[in-house]
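The structure under discussion appears below in the form of structure tokens.
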Amino acid sequence: MPSVRLSQNKHNWLYSKKVMNEPILTLKQQLFIEYYVRGETGTKAAKLAYKTTSDNVAAVIASENLRKPKVAEVIKSLTYDSYNLIHISIVALSKALKAKKYDTYSKTYVDDIKTQMKASDKFLKIMGIYK
């Protein structure tokens, strides 16, 4: 079974590594991880990945997947990197929200409204408040 590339991140090797010609994770497990890391609940991720309509079946699948060491390892790795990326973005945005510029007329530092508005707009888009 060939490995499937699901996303453009540096962790694809975790999906495609093979042991004894068997993939470490099945395609459905890979899809489950993709949905789970993107913020879906375990049950919702299982419903999407395993194409089930039953909440109970999906909850059992999610529970089983989350207890599997290989699945947990990939989720931990992806979640840690996502956390770092979000943290860096928040730090940059918080600095931009407090942006100041030097006003040559008054010879003081004043709020840089243009930069602050751009940062505010970016933050609201990241939070999903609007697109």
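The values are calculated or read from the model by the stated rules, or taken from the named source; none is laboratory data. Note that the structure is predicted; figures quoted are calculated from it, not measured.
How many of the residues in region 16-37 are part of a helix (DSSP H, G or I), of a type in the set (S, T, N, Q) and at pLDDT 60 or above?
So the count comes out to 2.
Looking at region 74-117, which of the residues that are more than 28 Å from Y35 (Cα to Cα) and basic (K, R) is modelled with the highest pLDDT?
K107
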